[in-house]
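First up is the structure itself, then whatever we jot down about it.
Just so it is clear, none of the values below were taken in a lab; they were calculated from the coordinates. Every value quoted in this text rests on a predicted model; they were computed, and no experiment measured them. Heads up, the Cβs are rebuilt from the backbone with ideal geometry, glycines too, and the neighbour counts pull from every protein chain shown.
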Amino acid sequence: MKGYLMQLQPFSVNDGDGIRTTIFFAGCPLHCKWCSNPEGFTQQPKIGFYEKLCIGCGECKNVCPQDIGIALNQPENRKNCTSCGACVTVCPKQARKNMVIQKSVEEVIAEVEKHNLFYRQSGGGVTFSGGEATLQKQFLDELSSKLYDLGYSLDIETSGYFNFDEMLPILQRMDLIFMDLKHINSIQHQKFTGVPNEKILENMKRLGETGAEIVIRIPVIEGVNAYEENIFASGEFVKKHLPNARMELLPYHKFGFGKYQALSLDLPQSDFQTPTKQKMEYLKNILIKMDIPLADFT
Amino acid sequence: MSITPRVEKIRQNYINTKPSISYERANIWTQSFQRTEGLPMAIRTAQAFYDTCNELCVNIFEGELIVGASGEFRKCGILTPEFAWKWVDDEMDNFPQRPQDPYEMTEQQREFVRKNIFPYWKGKSVEDAFLARTSEETKKIGVDTGFLDTDSKWRNGIGEISPDYIDQLFPKGFSGIKKEAENYIVQLNETIAEEKDKITFYRSIILVCDGIIRLANRYAEKAVEMAQEEKDTIRKLELLEIAEICEKVPENPPTSFREALQFVWFVQLGGILSENPLALNPGRFDQYMYPYYKADEEAGKIDYDTALELVECLWLKYSEWAWTISANTADFFAGYTNFENLTVGGTTVDGKDGTNTISYMAIQATKETKCHQPTLSCRIHPDCPAEFMEAVTELVSTGCGFPAIHSDRTGYQMLSNLGYAPEDAKDWNNCGCVVPHSRKTFEWTSSCNISFAAALEFALNEGKSRLSGEQVALFEKDPKTFQSYGEVEQAVLRQFSFMVKHGVISLLTAQKIHKEQAPRPFLSACNEYCLKNGKDLVDGGAKYNIGPVFTGVGLSVTANSLAVIKKLVFEDNVATMSDIIDALNSNWEGYETLRAKAQAVPKYGNDDDYVDNIAKELADYFYKDVTSYNDIYGHHFVTAFMGISNYLPTGKVLGATPDGRKAKDPINEGVSPYTGTDTSTCLAALRSSAKLSHDIHSGGTLLNLRLNHDLVATKRGRANLGAMLQSYFALGAFHVQFNTISNEVLKDAQAHPENYKDLLVRVAGYSTQFVNLSKSMQDSIMARNAHESF
């Protein structure tokens, strides 16, 4: 069984307890306008081209079965690229990169196991992320079940957009579930993510059934959701339905912009801004006043 | 408690003063030697030590609580012409101006030294003897070359000793040691040759005991004298207390924490005056100091803050003495660092956790004073208390590069592999930068720097230096005609063995000379077994005599380079040997694409077996080859992957290398990845390093890593760092040390040194003030790859 992944990121220290390996699954049912992992919109293999690293040696051109030149990011060339990956193996500067790769359960486990000692010492483990990990249900099921049997601590970061009954056995293997609440208002939610939030909210209500620790995350973005009414209403929802859950407010960042360029995609709207530190404190205080425990993995 | 005004004042003076050279000790020593010609060398040396203690100026500086100075200056370096004078003569005109480790020295001082001191030593120093006895062939590869260097063992005193406070110094005091020597003499028969030698040895011991007691008593007299004139009543009382203490120690066993501290400093000072040593290690400070602290504290005689101030005063004493070294040596040991290695933490001999209040106090003292000395090391065992780990990682997070963090178990294993009894191996302390050591040991721990990358260059250049064109090593066939990877590797190992051979020859010569003309009565007096055996350290008097250590430099550059040849030439056939050699001869100019391909070949430090296995093969060969030779005492030589700052001078003399490195660029230190090539994660770098069998390299192994400061900014981040350390040690590794200061800060410090006088950074195995490093050294520190969280 193979899955479509963006990457395995060892030494992750902000996606759960301890030192972890985060596995980024490709493909996502949402299409958030600020997404920092645009290679994960779909499960299609894609070749990234980081022009800044290119020295113009032309090795990529020599091996390309489609006769595409060096300038992969030109729209014409992109159209013809089949993402075969031949150029990735020859590029001496790693300017070409497989942005989505296929890996078997065994391959993933072999890579994860390398860092076993580091997880055990730190209380860490493996975190499934994305994209949206639940979209590859069968792969996630097999992978999480094997890792569970090996005794790893497992966390998941999810958009919450899935069939709850189908996912429940998988979620029950998790020590910690991070679920996003991108906007409490369904219309706004649809406007920015492409889907309404009812299904997500319904799933959120049932998270208690998993037995896992729950952290509800809000990616805080100026221009989308960084205002008092939204945070307060989100807090009220969580408090009402998940009295034991913690919440975490994460400031939006623009680290993913380089990837948009490498994939010749249009950049996200520029009116999305990182909230200031003061703003973050202000919003956190709203939740603190509501007696909602905050999580902090920095 | 924050730092006291007294300590802050001393600290400000320390960071704002350039060390000055004092010739006083050299002058007294020389005059003494002129008077004692014809006597046994041990007696001459001991007499010179006594005379120094008796005549050297005594200075108690403003605010000091711990007293004793090596010369007239507060920040002071001394001369030891009996080891070498020629480099001083050649270089001292430039002392104040030289880029790395400048010293103040006046024209009058230089004139005096040239007229009154150096002429006597012409032809008599250790250096003179070494150069006279060394063949041209050995000199060509092994004297001031940067390929193979042994000069710290014939241009300087040896040092590399850990005085034994536990079984020798504290329980006996120097009066007790003297008495022991006298008792032995009574039982010996002067008509038996061997016993006659012992009598000479014990007489040298009596002389040095009298000497150090005399020096302390002169400080007592000075303190009384100063007290009489002191107007400030508080300082007056302090001076009287100093006088009282110096009357008692180190003559007698200490009876309080403060006396013990003053005792420790007098021993250090005695060591400095006797040979200006590198790595005179205070050792397991928390273990031997805690009982005094505990007793005083229980008796209500001292509290934590008072003790801390005293410890900080001692830290500044350690730092105010500057090691006087040649410009060449200063490139290897940059930053006035004299490696007074002080160890805290770890298990006790009976296997229990040994951390105590003093372990934490030592860490706090380093954090507050930001002194470059002592070289603070800690031992971490699997059951290390979380609070101690937090104290250690918190110090790491300040960016000062301290402490050097060591695996308790691997250190034990390293000594066990050398044949130590378990109880001694378990009590190991650090020596110098990263050498597991013992207070019962005589060893040359940093004897020979040997460059793997030089062997590679000779293999790929017919035995010639690529930069000078000179034939310095074994002749080798035209590298363009190598037919297989195995052939290339064999050539590298052959050249390496040739270098090892000349390193061994050099060290055998140096050992013999030290045995003949550089006995060490003072440091022998600090060693329990020298007294028991009636033999000086240089005659093998210690309980453990360990062979000299070879330090391998440039392991990762060489492994990376061999991987490039293996993959590009003999596996992928994308380049020929001719292409590679031509590229190296052109310093990669005009070969940008080939260079890019070379850089893309797997690099050591990324947990990739393709290249890590080559590094391991090289390291194992190094071990096998070096340990096949025996020293003059019959003990096999030992290997290490230490650091010091040797990766700069060893790089400066090399042409381009196949890994893509350009000519004259630095190589790498210890088992660290090559700068900027450990691009995966910190964990991968640790895993690569751990693949080398650390425990067989009993001379110590060293890993430097840079961490992004954000990673250790929070308590949680530091807990993860602690877990990372424990994992690394569980994999069998020995040492790791971190720089956590961002390049932005370092760049600003380079541009505005006046704002960063106390900024400590990690060099290799030790830390020193960033502003005291030459520009090239600063640049190389900035070039190390910083590991982000992802």
**Study point:** Cubic angstrom per residue, convex hull over Cα atoms of the protein assembly as shown
**Key:** 182
Check your understanding: Quick one: net charge of residue A:23's neighbours, Cβ under 12 Å, K/R +1, D/E -1?
Key -> -3
Review point. What percent antiparallel are the DSSP beta bridges of chain B, to the nearest 5?
Key: 30
Study note, to complete from the structure: In a Gaussian network model of chain A with springs linking alpha carbons closer than 10 Å, the residue among A:26, A:245, A:110 that fluctuates most is A:110
Check your understanding: What number, in nm² with one decimal, is the all-direction average of the projected area of the convex hull of the alpha-carbon atoms of segment B:581-704?
Key -> 8.6
Revision key, fill the gap. Residue-normalised 222 nm signal for chain A, counting each DSSP H run of n ≥ 4 as -39,500 (n - 2.57), nearest 500 deg cm²/dmol, is -9500 deg cm²/dmol
Check your understanding: Where does the charge balance sit around residue B:680 when Lys and Arg score +1, Asp and Glu -1, over other residues with C-beta under 9 Å from its C-beta?
Key -> -3
Review point. If you plug each phi of segment A:213-219 into the Karplus form 6.51 cos²θ - 1.76 cosθ + 1.60 with θ = phi - 60°, what whole-Hz ³J(HN,Hα) values come out, in order, with x for Gly and Pro?
Key: 5, 10, 10, 9, 10, 10, x
Check your understanding: In a shell of Cβ-Cβ distance under 9 Å around residue B:652, excluding residue B:652 itself, what net charge do Lys and Arg (+1) and Asp and Glu (-1) give?
Key -> -1
Exercise for review: For segment B:306-313, just list the computed ³J(HN,Hα) in residue order, Karplus coefficients 6.51, -1.76 and 1.60, θ = phi - 60°, integers in Hz, with x standing in for Gly and Pro.
Suggested key: 5, 4, 4, 4, 5, 4, 5, 4
Review point. Taking every DSSP beta bridge that has both residues in the protein assembly as shown, what percent is antiparallel when rounded to the nearest 5?
Key: 30
Exercise for review: Filter the trypsin sites (Lys or Arg not before Pro) in segment A:77-134 to those in DSSP coil with at most 16 other Cβ atoms within 10 Å of their Cβ, and list the result.
Suggested key: A:114
Revision key, fill the gap. The long-range amide H neighbours of residue B:380, using H built 1.01 Å from N in the peptide plane and a cut-off of under 5 Å, are B:406, B:407, B:408
Review point. Could you give the alpha-carbon Rg of chain B over 2.2 N^0.38 Å, rounded to two decimals?
Key: 0.92
Check your understanding: How far is helix B:715-730 tilted off the main Cα axis of chain B, in degrees rounded to 10, range 0 to 90?
Key -> 80
Study note, to complete from the structure: Scan of chain B for trypsin sites (Lys or Arg not before Pro) in DSSP loops with at most 10 other beta-carbon atoms within 10 Å gives a longest site-free stretch of B:353-790
Point to revise | Part-to-part distance (alpha-carbon centres) for segment A:198-246 and segment B:430-486, which is given in Å | key: 62
Exercise for review: Return the calculated 222 nm mean residue ellipticity for chain B, to the nearest 500 deg cm²/dmol, obtained by summing -39500 (n - 2.57) across DSSP H runs with n ≥ 4 and dividing by the residue count.
Suggested key: -15000 deg cm²/dmol
Exercise for review: Quick one: Debye curve from the alpha-carbon atoms of segment A:131-174 only, equal weights, vacuum; give me log10 I(q)/I(0) at q = 0.16 Å⁻¹ to two decimals.
Suggested key: -0.37
Practice item. Measure nothing fancy, just the Cα-based angle from helix B:555-564's long axis to the longest principal axis of chain B, in degrees from 0 to 90, nearest 10. Key: 0
Check your understanding: Using θ = phi - 60° and the Karplus curve 6.51 cos²θ - 1.76 cosθ + 1.60, what whole-Hz ³J(HN,Hα) does each residue of segment A:129-141 get, with Gly and Pro shown as x?
Key -> 9, x, x, 9, 4, 5, 5, 9, 4, 5, 5, 4, 4
Revision key, fill the gap. Counting only DSSP loop positions in segment B:410-496, the chymotrypsin sites (Phe, Trp or Tyr not before Pro) whose Cβ has at most 14 other Cβ atoms within 10 Å are B:475
Review point. Regarding segment B:5-134, what whole-number volume in Å³ per residue does the convex hull of its Cα atoms give?
Key: 132
Study note, to complete from the structure: Applying the gyration tensor rule to the Cα atoms of segment B:295-375 (axes a ≥ b ≥ c; rounded if a/c under 1.5, else prolate if a/b exceeds b/c, else oblate), the class is oblate
